[in-house]
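Before any comments, here is the structure.
The values are calculated or read from the model by the stated rules, or taken from the named source; none is laboratory data. The structure displayed is predicted, hence computed values, not measured ones. A quick note on method: Cβ atoms are made from the backbone with ideal geometry, for glycine too, and the neighbour counts reach across all protein chains shown.
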Number of protein chains: 2
Amino acid sequence: MSKQKDNKGLTVKKSENFSEWYNQVVQKAELADYSDVKGFMVIRPNAYSIWEIITEYFNKRIKALGVRNAYFPLLIPESFFKKEAEHAKGFQPEVAWVSNREDERLAIRPTSETIMYDSYSKWIRSWRDLPLRINQWCNVVRWETKATRLFLRTREFLWQEGHCVYETEKECEEETKIYLKEYEKLCRDILAMPVLAGKKTEKEKFSGAKYTLSIEGIMPDGKALQMGTSHNLGQGFAKSFGISFLDKNEKRNIPWQNSWGVSTRLIGALTMVHGDDKGLVLPPKLAYNKVVIIPLLFKGKEKSVLKKAKEILEKLKEHDPILDDRDYSPGWKFSEWELKGIPMRIEIGPKDIQKKQVIIVRRDNGEKIEVKENDIEKEVIKLLENIQKSMLKKSEKNFKEKIVSVKNLNELKGAIEEQKIAKADFCNKGECEESLKEKVDGAKTLNMPLEETPKGKCVICGKKATEIVYIGKSH
Amino acid sequence: MSKQKDNKGLTVKKSENFSEWYNQVVQKAELADYSDVKGFMVIRPNAYSIWEIITEYFNKRIKALGVRNAYFPLLIPESFFKKEAEHAKGFQPEVAWVSNREDERLAIRPTSETIMYDSYSKWIRSWRDLPLRINQWCNVVRWETKATRLFLRTREFLWQEGHCVYETEKECEEETKIYLKEYEKLCRDILAMPVLAGKKTEKEKFSGAKYTLSIEGIMPDGKALQMGTSHNLGQGFAKSFGISFLDKNEKRNIPWQNSWGVSTRLIGALTMVHGDDKGLVLPPKLAYNKVVIIPLLFKGKEKSVLKKAKEILEKLKEHDPILDDRDYSPGWKFSEWELKGIPMRIEIGPKDIQKKQVIIVRRDNGEKIEVKENDIEKEVIKLLENIQKSMLKKSEKNFKEKIVSVKNLNELKGAIEEQKIAKADFCNKGECEESLKEKVDGAKTLNMPLEETPKGKCVICGKKATEIVYIGKSH
């Protein structure tokens, strides 16, 4: 039974060297590759198909909320950047410029507030034009100087950026929260992982925003990962870009705006959270190919086994199954598809045919299940649902175990040393937050849950607390 | 019955000033807008939804052919460009460079052969890795110096670019044709328009290709529009980028490649072909909202009419209908949705409710149809199919009328003067083609049909013909 190919399996354990483990999974599962352009990545088909599923799901959700997709120019004139001072200051250091074409330098968009709001100022005339809700799926470039981490920190990434305009502050506030809730839901229902949802501190908010809401995942190494943000922009950009509207009383008003985004970073998050020592583990909802069928081709029985395998392929076609009939050993194939994270494999050999059954092996927990051939369609559907659920359950358990409540600076230090995320009372003052870095090596505030009230004193400075905050190391 | 709003209708007729008519339709139907960045456009939601439908359709088609989507870096090192000499020469003048970030200048991709094939050279090792079929949907930048025409000629556009690698020349040849056929099918079945499919002359082929196949639409002004290309790249790029594979006999070989693309230019084409003096006319298959329901809200009857309109909205929801219950006059609304090209409108008033009917008005030909309320679901489905079919029929008729066979230079000149596309025998020699421009003002070769043989002499030079060719003016 057939040729071997170089073993492409992982050479390091997740628990032993998390960082190297992550790099190997991403590259060996063919999710992404480094490019010859420093800091840029190639998103390979195995990962791009995940992004397509996220896109499709999220488009349905936001269309139901009245959002429409559009596309704005890649290049932004330097003068646009200067219009909103805070925004310009925040992004200037990361911009790549095109300077060989026009008198004015053109920025490759690091984000599109400025170019979009220039158009909005032409399109919005009256209250009848509001709310305006537009989203775009596109690439952005930010010249990161830290080391590249595929999906987590690259100079180019793909994302969606939603940009809405409202008549009233109240509507804007409400919807800024709604989009954050959508991100939470996307993570829970599709990526099978919980997140911390809350408000960023003043220090950590988006350049130009009134405030920023975020979702933060907790990775197995105890570091948080910012996975999505929803910014209440207030009226700042509207003023800078001259966006105004006539209200129902024919009075000129300045509208309220928000912007919100998630990126291909999500793919890095799910890789870290669900992966194991065999490689990637895909939640079924993110797997384009949900099943791989591996015929056990014993000498002399090849024909009948292959015939049966093809029958099963046909029966399961709604799950986009793969039939791996290549000339490799079954063991090699098992490893290959485990590495790539396909949610379940179906083994079929001569004995199974006799017993009118197949063996199904779950990727998430390795469980082997004998399934009667007649039950296969409904069993696969049930199992895919179970896998999705139990992956969420497992990641929720890990998530909860990573969070510890701390009451004072010592406990905070202890938590960070133990690679946990600390939950603490906080005064939300800039100077206090500034001192955190010195007091607790590498720690930073993540976000502040929206509907919880502190009972004690600030964990950092000991003064009166006004917020609850999550503190941790961060990717 | 209600307020008026500024009339946004067209102020020019399609037959009188085609170019201005096109600009007005694109902007007033809110398909696209100029941006403050010279030569760049904003693709507005009404057009982006068309692009999404094209994307969804085409993804299904190419996935069935074994193509997988991926994403490669936006920026390409200058040195990559220089690797394939012809390619570099062809694109160099149009490149926007980023030079503030790395020692080497980085090009914003005008097309991605070079950056993709650099990765291919790392990924392809043996015949088992072939065929490799990868596609990406992305933005590209080419610094056009001619005047901007929205969708037709802008410095940035969206497209898909497929890039495949094969073991044999034969496979490559066959599939280069298959992708062209897919483009033809996309135009016919979805855009409801025929195209000329054929081979570009040596002079007009893609920089770096062995040969280029193209589809060319014929616009109402008698000019052709190149709408898609499929390039047989031969082994040139593979050699330049060091792509090779071990064949079944463990011998090292150079593979064969093709690349193929269509862009947001398609949206310009369908606007020109189907639009009329009232605005855009969308083929039903490209309309996200296929129906608009307009309640005729006579005083005192508003409630019952609106209730009925909402019932119909619910019945037709699979077609993403719009219910326009805004406070404008019905006439104003009719014009608005005609301008935007929604395939059919449904009028419902108090009398219709009495008669248990609605009035359906087709956008393509203005026909008014009384439909019994109980038949509405099946009637709408039937009508949408009919509209799609009759739009194709009409565009085919116009297409055929625009093509004339010519036998000599005088006839060719006559055809071009009459704003027709000429079909002629042709020698396919470079110097002969060069002389065409002088001999017939503004005319150029479009493409050469693949399965037709010439019987006479070259229409330009009078020497022996080896091909049939289409000649015309071109957008």
Could you list, in sequence order, the residues of segment A:291-328 that are among the basic types (Lys, Arg), closer than 16 Å to A:LEU384 by Cα and either in contact with a strand residue (DSSP E or B) (Cβ under 7 Å, 6 or more places away or on another chain) or within 14 Å of chain B (Cβ to nearest Cβ) (or both)? A:LYS317
May I ask you to say which residue of A:SER230, A:SER214, A:SER244, A:SER240 is in contact with a helix residue (DSSP H, G or I) (Cβ under 8 Å, 6 or more places away or on another chain), surrounded by fewer than 20 Cβ atoms within 10 Å (Cβ to Cβ) and among the hydroxyl-bearing types (Ser, Thr, Tyr)? A:SER244
Residues of segment A:99-117 satisfying the condition of being more than 8 Å from every other protein chain (Cβ to nearest Cβ) and either touching a residue at least 40 places away in the same chain (Cβ under 8 Å) or touching a Ser or Thr at 6+ places or on another chain (Cβ under 6 Å) (or both): A:ARG105, A:THR111, A:SER112, A:GLU113, A:THR114, A:MET116, A:TYR117
Step by step: first the residues of segment A:59-98, then only those that are more than 13 Å from chain B (Cβ to nearest Cβ) and among the hydrophobic types (A, V, I, L, M, F, W, C), then the one that is surrounded by the most Cβ atoms within 10 Å (Cβ to Cβ). Which residue is that? A:PHE91
Could you grab me the full set of residues in segment A:439-461 that are part of a loop (DSSP other than H, G, I, E, B) and free of Cβ contacts under 8 Å to residues at least 40 places away in the same chain? A:VAL440, A:ASP441, A:GLY442, A:ALA443, A:GLU451, A:GLU452, A:THR453, A:PRO454, A:LYS455, A:CYS458, A:CYS461
State whether the residues of segment B:450-464 include one that is acidic (Asp, Glu) and farther than 17 Å from B:LYS203 by Cβ. yes
Can you pull out every residue in segment B:169-196 that is more than 17 Å from B:SER263 (Cβ to Cβ) and not in a helix (DSSP H, G or I)? B:ALA192, B:PRO194, B:LEU196
Lone qualifier among A:GLU174, A:GLU156, A:GLU169 - being away from chain B (no Cβ under 11 Å) and touching a residue at least 24 places away in the same chain (Cβ under 8 Å): A:GLU169
When the residues of segment B:118-150 are filtered to those that are assigned to a strand (DSSP E or B) and within 19 Å of the chain's Cα centre (by Cα), which remaining residue is farthest from the other protein chains (Cβ to nearest Cβ)? B:ARG149
Filter pass, B:VAL281 being part of a loop (DSSP other than H, G, I, E, B) and either surrounded by fewer than 23 Cβ atoms within 10 Å (Cβ to Cβ) or out of contact with any strand residue (DSSP E or B) (no Cβ under 8 Å at 6 or more places or on another chain) (or both): yes
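Inside segment B:84-103, can you point out the residues that are modelled with pLDDT under 90 and assigned to a loop (DSSP other than H, G, I, E, B)? Walk me through how you get there before you give the answer.
Here is the first cut: in segment B:84-103, the residues modelled with pLDDT under 90 are B:84-93, B:99-103.
Residues satisfying the conditions are B:GLU84, B:SER99, B:ASN100, B:ARG101, B:GLU102, B:ASP103.
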State the number of residues belonging to segment B:55-83 that are without any contact (Cβ under 8 Å) to a residue 40 or more places away in the chain and assigned to a helix (DSSP H, G or I). 10
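Answer yes or no as to whether A:GLU52 is assigned to a helix (DSSP H, G or I), surrounded by fewer than 23 Cβ atoms within 10 Å (Cβ to Cβ), facing chain B (nearest Cβ under 7 Å) and at pLDDT 95 or above.
Taking the combined requirement at face value, the residue satisfies it.
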Kindly indicate whether A:SER19 is part of a helix (DSSP H, G or I), at pLDDT 95 or above and under 17 Å from A:MET272 (Cβ atoms). yes
Please specify each residue of segment B:392-423 satisfying the condition of being out of contact with any helix residue (DSSP H, G or I) (no Cβ under 6 Å at 6 or more places or on another chain) and among the aliphatic types (A, V, I, L, M). B:LEU392, B:ILE403, B:LEU409, B:LEU412, B:ALA415, B:ILE416
In segment B:6-15, residue farthest from A:LEU74 (Cα to Cα) [restricted to those that are touching a Ser or Thr at 6+ places or on another chain (Cβ under 9 Å) and more than 14 Å from chain A (Cβ to nearest Cβ)]: B:ASN7
If we scan segment B:86-93, do we find a residue that is of a type in the set (Lys, Arg) and either in contact with a Phe, Trp or Tyr (Cβ under 7 Å, 6 or more places away or on another chain) or over 26 Å from B:LYS146 (Cβ atoms) (or both)? no
Would you check if there is a residue in segment B:213-234 being part of a helix (DSSP H, G or I) and assigned by TED's automatic domain parsing to the domain that holds B:LEU65? no
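Here are some residues: A:LYS368, A:LYS389, A:LYS439, A:LYS407. Which one is under 30 Å from the mean Cα position of the chain (by Cα) and not aliphatic (A, V, I, L, M)?
Details: A:LYS368 fails: under 30 Å from the mean Cα position of the chain (by Cα); A:LYS439 fails: under 30 Å from the mean Cα position of the chain (by Cα); A:LYS407 fails: under 30 Å from the mean Cα position of the chain (by Cα).
Selected residue: A:LYS389, the only one of A:LYS368, A:LYS389, A:LYS439, A:LYS407 that is under 30 Å from the mean Cα position of the chain (by Cα) and not aliphatic (A, V, I, L, M).
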Scanning segment B:16-45 residue by residue, those surrounded by fewer than 22 Cβ atoms within 10 Å (Cβ to Cβ) and more than 7 Å from chain A (Cβ to nearest Cβ) turn out to be B:GLU16, B:ASN17, B:PHE18, B:SER19, B:GLU20, B:ASN23, B:GLN24, B:GLN27, B:LYS28, B:GLU30, B:TYR34
Test: A:ILE115 is surrounded by 22 or more Cβ atoms within 10 Å (Cβ to Cβ), outside any helix (DSSP H, G or I) and more than 22 Å from the chain's Cα centre (by Cα): no
Search result, residues across segment A:179-196 that are under 20 Å from A:ILE387 (Cβ atoms) and either buried (at least 24 other Cβ atoms within 10 Å of the Cβ) or under 12 Å from the mean Cα position of the chain (by Cα) (or both): A:LYS185, A:LEU186, A:CYS187, A:ARG188, A:ILE190, A:LEU191, A:ALA192, A:MET193, A:PRO194
Being surrounded by 17 or more Cβ atoms within 10 Å (Cβ to Cβ) and among the basic types (Lys, Arg) is the filter here; which residues of segment B:395-423 pass it? B:LYS402, B:LYS420, B:LYS423
